[in-house]
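Peer 1: If you scroll down you'll find the structure; I have some questions about it.
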Amino acid sequence: MGFFDFLTEEIAIDLGTANTLIIHNDKVVVDSPSIVARDRISGKIIAVGKEASMMQGKTHENIKTIRPLKDGVIADFDASEQMISMFIKNIPALKKKFFTPALRMVICIPSGITEVEMRAVKESAERVNGKEVYLIHEPMAAAIGIGVDIMQPKGNMIVDIGGGTTEIAVIALGGIVCDKSVKIAGDVFTNDIVYYMRTQHNLYVGERTAEKIKIQIGAATEDLELPPEDMSVQGRDLLTGKPKQVQISYREIAKALDKSILRIEDAVMETLSQTPPELAADIYNTGIYLAGGGSMLRGLDKRLSQKTDLPVYIAEDPLRAVVRGTGITLKNLPKYKSVLIK
């Protein structure tokens, strides 16, 4: 192995429905939306990541924007492969290399994923020169990224709200004891907002605008201690067809998201009810950890805490918790061998 070590680079990838993050040499070198723009005629990829996301909803018929991942799994194999490969090529340290190095990679996958979907991720990785490819379940990576010592005989509960899926898991002794993966997460929140604007305000807004609303004034409850300012939203009036603007308050968004958040609450409750009693006792003391972009929704921690009567903690930099954990396993492969899926 000696000689090849010199030619092998290590990268950790969080291949998310909404964002893809890559760590190389302990640094997050890629943090971009998981989206590609393709030229319909030549089939070439014209943009990936931030550039492509600017085009979303603003394309003419010769350009198509594709989100290769749906509900946490690869929906468009070709596009996802090209996206990963472009992201890897964009890593500054690998650009200088004379030839493409072999890659040792750890990639995280949702816990509710099937064998076939797992193989799709692996094959994508192998095609972009991944010589050693390991997979890790998302809640596991999130736990490690939050700083939980997962090898201890102690129960910890992780709720990772991503773009496509919400992963809920109870972890002890370096394994997942019980888990639940629901397809209600950031994307569904965004669609809830689009639907709400359409039905309540007769305003047709695009996905990107809805996401902006979610980030700027999104809330999980109507009684926030520090409410955000009202926001003006522009879109198309469905009655007149003219562009128009309306003022929106966070209370409306809390209403719009209520049903979806209820379903996440239910999933958390269900997972708790399946937890073995010894671990339930641990969780009573340790509480619940939130990770993923969805955990940044204002008041969600409070709402979950009221529902479960448990303390709820949000990971620091929750968007990167998963990729941080993936990076840590990559650095200490021997220690985490048992956690990884070869």
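The values are calculated or read from the model by the stated rules, or taken from the named source; none is laboratory data. This one's a predicted model, so the numbers in the text were calculated from it and none came from an experiment. Here Cβ is always computed from backbone atoms with ideal geometry, including for glycine, and neighbour counts include all displayed protein chains. Each accessible area value is taken on the protein alone, full model and side chains, heavy atoms only, with ligands, DNA and RNA left out. Shrake-Rupley method; radii C 1.70, N 1.55, O 1.52, S 1.80 Å.
Peer 1: Only one of Ile193, Ile184 is assigned to a loop (DSSP other than H, G, I, E, B) and surrounded by 20 or more Cβ atoms within 10 Å (Cβ to Cβ); which?
Peer 2: Selected residue: Ile184, the only one of Ile193, Ile184 that is assigned to a loop (DSSP other than H, G, I, E, B) and surrounded by 20 or more Cβ atoms within 10 Å (Cβ to Cβ).
Peer 1: When you check Glu211 against the structure, is it surrounded by fewer than 18 Cβ atoms within 10 Å (Cβ to Cβ), within 16 Å of Gly57 (Cβ to Cβ) and charged (D, E, K, R), yes or no?
Peer 2: no
Peer 1: Do the conditions hold for Ala47, that is, is it outside any loop (DSSP other than H, G, I, E, B) and either touching a residue at least 12 places away in the same chain (Cβ under 8 Å) or open to solvent by 70 Å² or more (accessible area, probe 1.4 Å) (or both)?
Peer 2: It is false that Ala47 is outside any loop (DSSP other than H, G, I, E, B) and either touching a residue at least 12 places away in the same chain (Cβ under 8 Å) or open to solvent by 70 Å² or more (accessible area, probe 1.4 Å) (or both).
Peer 1: Could you grab me the full set of residues in segment 83-103 that are open to solvent by 70 Å² or more (accessible area, probe 1.4 Å) and farther than 15 Å from Gly130 by Cβ?
Peer 2: Selection gives Asn90, Pro92, Lys95, Lys96, Lys97, Phe98, Phe99.
Peer 1: Could I ask something else about it? I need a count of the residues in segment 214-239 that are free of Cβ contacts under 8 Å to residues at least 12 places away in the same chain and open to solvent by less than 80 Å² (accessible area, probe 1.4 Å).
Peer 2: 0
Peer 1: What do you reckon, is Ile63 at pLDDT 90 or above, over 18 Å from the mean Cα position of the chain (by Cα), open to solvent by 70 Å² or more (accessible area, probe 1.4 Å) and within 30 Å of Thr209 (Cβ to Cβ)?
Peer 2: So Ile63 does not fit the description; no.
Peer 1: Check Ala18, Ala52, Ala12, Ala75 and return the single one that is within 21 Å of the chain's Cα centre (by Cα), buried (at least 19 other Cβ atoms within 10 Å of the Cβ) and without any contact (Cβ under 8 Å) to a residue 24 or more places away in the chain.
Peer 2: One residue alone meets the criteria, Ala52.
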